[in-house]
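Let me begin by presenting the structure, written as structure tokens, before commenting on it.
The values are calculated or read from the model by the stated rules, or taken from the named source; none is laboratory data. Keep in mind it's a predicted model, so treat the numbers as computed, not measured. Using ideal geometry, Cβ is built from the backbone for each residue, glycine included, and neighbour counts are taken over all protein chains shown.
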Amino acid sequence: MGEKLKTTNKKMILPDRPEGYDTEMNHHHKKYLFVYGPVASRRLKRSLGVDLVPFKTCSYNCVYCQIGKTKKCTLDRMEYMPVQGILEELREKLKSAAPPNYIGLAGSGEPTLHSRIGEIIEGIKALTDIPVAVLTNGSFLWKPEVRAGLAGADLVLPSLDAGSAEVFHCINRPHPDITFDKMVNGLVDFSHAFQGRIHLEVFIVKGINDSVDSVKQIAAITKDMRLDRVDLNTVSRPPAENVTASPFEALESMCTIFPCDTRVIAETHRTMIATHQSASAESDIVALLNRRPCTIEGVAKGLGLHPNEVVKHLDVLHSRGVIRAVRSNEAVFYEGIWTA
Ligand code: SF4
């Protein structure tokens, strides 16, 4: 089991810091262990993120993962982060932040690995009316307890990147005990049982699943599902492996293959959204990267930011030409570009 909250006379004491988080007030950023943002994205607009598992704890090791290779590939569902700690932080954050469009359970791994995700969603619902969205890779939807846990969410965004077992293994590199059929059957069953909205994300990688046949196979599965929308995405920042994006126009033409409302949500530089809180974090990141190259995780640890926030800031800085990405020893490092 994961860490339990220590309680003394009903006063809550947060557990020891999860690996990868620096909770010191080493900067002007207020530090939270589990809640981050708000971050701006095309799918959830402005959302407050909640991390339910430690950095890169996932049942997949996708070639396109934007936060790096999976550190712990597992199917073990447990209370990785303490439920009460998450809810306490969220309550505090909601007092100080302008209301976001969503509270997003996403973070830096697979959120349905948290064994008490249903209680977390219920707890959030008791705190606020802000809709709850869950971004999941969809690998556990064959489990009745996971389907029941997600029942209280308003929006679920599962992934489906493959229409065959071969492509599934190539792009998602799942834990060996997750078979393609099990995953797909779970996804289809969930789509009919869930009462909220479902936006399916299909991530297209050039040369892996971008052929018309591959996309048709994925679309054929969506015919059996109840979906509100399909979102097509592609690589927009240095991924875990050296794979490349499908051109925007190719994605647009794929939309017609799907039987329901389908749109391209790939982030391009012109669609990036900067928030007004970004400036100080960005100048800290530039200062750090001008001194030494860092991975996303390194920046996150160094500045006490969440990896998902770091990714958004790096996108903006990269588009402005003040940093660059360098692949080295199988990891992606960012470094500052000094300008006179
Ligand atoms: S993209 Fe999502 S599902 Fe794939 S490895 Fe990264 S965190 Fe896991």
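Could you list, in sequence order, the residues of the range 171-187 that are part of a helix (DSSP H, G or I) and surrounded by 17 or more Cβ atoms within 10 Å (Cβ to Cβ)? Lay out the reasoning, then the answer.
We begin by selecting, within the range 171-187, every residue part of a helix (DSSP H, G or I); these are 171, 180-187.
If the condition is that a residue be part of a helix (DSSP H, G or I) and surrounded by 17 or more Cβ atoms within 10 Å (Cβ to Cβ), then Ile171, Phe180, Met183, Val184, Gly186, Leu187 are the ones that fit.
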Q. Picking from Glu201, Glu122, Glu166, which residue would you name as being assigned by TED's automatic domain parsing to the domain that holds Asn61, at pLDDT 95 or above, acidic (Asp, Glu) and within 14 Å of the chain's Cα centre (by Cα)?
A. Glu201
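Determine whether the range 227-243 contains at least one residue that is away from the ligand (no atom under 16 Å from the Cβ), of a type outside the set (A, V, I, L, M), modelled with pLDDT of 85 or more and not in a strand (DSSP E or B).
In the first step, residues of the range 227-243 are kept if they are away from the ligand (no atom under 16 Å from the Cβ); the result is 227-230.
If we keep only those that are of a type outside the set (A, V, I, L, M) as well, we get 228-229.
Imposing the further condition that a residue be modelled with pLDDT of 85 or more reduces the set to 228-229.
Cutting the leftovers down to not in a strand (DSSP E or B) gives us 228.
Yes.
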Q: Filter the range 295-340 for residues that are at pLDDT 85 or above, part of a helix (DSSP H, G or I) and charged (D, E, K, R) and give the result.
A: Glu297, Glu309, Lys312, Asp315
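Do we find a residue being within 13 Å of the ligand (Cβ to nearest atom), charged (D, E, K, R) and surrounded by fewer than 21 Cβ atoms within 10 Å (Cβ to Cβ) anywhere in the range 155-163? Before you say what the answer is, go through the steps one by one.
So in the range 155-163, the residues within 13 Å of the ligand (Cβ to nearest atom) come out as 157-162.
Next, from what is left, pick out any that are charged (D, E, K, R): 161.
Subset that is surrounded by fewer than 21 Cβ atoms within 10 Å (Cβ to Cβ): none.
Checking the range 155-163: not a single residue is within 13 Å of the ligand (Cβ to nearest atom), charged (D, E, K, R) and surrounded by fewer than 21 Cβ atoms within 10 Å (Cβ to Cβ).
Here's a check for you: in the range 301-340, which residue that is among the aromatic types (Phe, Trp, Tyr) and crowded, with 18+ Cβ neighbours inside 10 Å is farthest from Leu289 (Cα to Cα)?
First, pick out the residues of the range 301-340 that are among the aromatic types (Phe, Trp, Tyr): 333-334, 338.
From the residues that got through so far, the ones that are crowded, with 18+ Cβ neighbours inside 10 Å too are 333-334.
Values: Phe333: 9, Tyr334: 7 Å.
Taking the candidates together, the pick is Phe333.
Condition check ((1) assigned by TED's automatic domain parsing to the domain that holds Phe55; (2) buried (at least 20 other Cβ atoms within 10 Å of the Cβ); (3) farther than 18 Å from Val156 by Cβ) across all residues:
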site	(1), (2), (3)
Asp76	yes, no, yes
Met81	yes, yes, yes
Ile86	yes, yes, yes
Glu92	yes, no, yes
Pro100	yes, yes, no
Gly104	yes, yes, no
Ser108	yes, yes, yes
Pro111	yes, yes, no
Q. Since Phe168 meets every condition but one in (1) touching a strand residue (DSSP E or B) at 6+ places or on another chain (Cβ under 7 Å); (2) closer than 12 Å to Cys62 by Cβ; (3) of a type in the set (Phe, Trp, Tyr), which condition does it not meet?
A. (1)
